[in-house]
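Here is the structure we will look at.
Values in this text are rule-based calculations from the coordinates and carry no lab data. This structure is a prediction, so every number in the text was calculated from the model and none was measured.
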């Protein structure tokens with residue numbers, strides 16, 4: 001009877017990487033994202049940057 005040595009088995013590492021957002025940051029499983037109708041995906045913490053830099057939004061204070 002042959003016994004398998006557990007030290008020689010390949011180790012499977014589960015990745016938490018989901019993808020990359022429109023600003024170039026890594027998205028991990030469980031992150032909050034916004035998906036636009038054109039398919040673009042943006043992390044919640046990058047949504048303001050995306051609105052201003054990519055969509056050309058202007059931040060103002062209502063007076």
Å³ per residue enclosed by the Cα convex hull of the stretch 14-54: 63
Theoretical gain in end-to-end length, residue 35 to residue 18 [0.36 nm per residue, Cα-Cα removed]: 4.8 nm
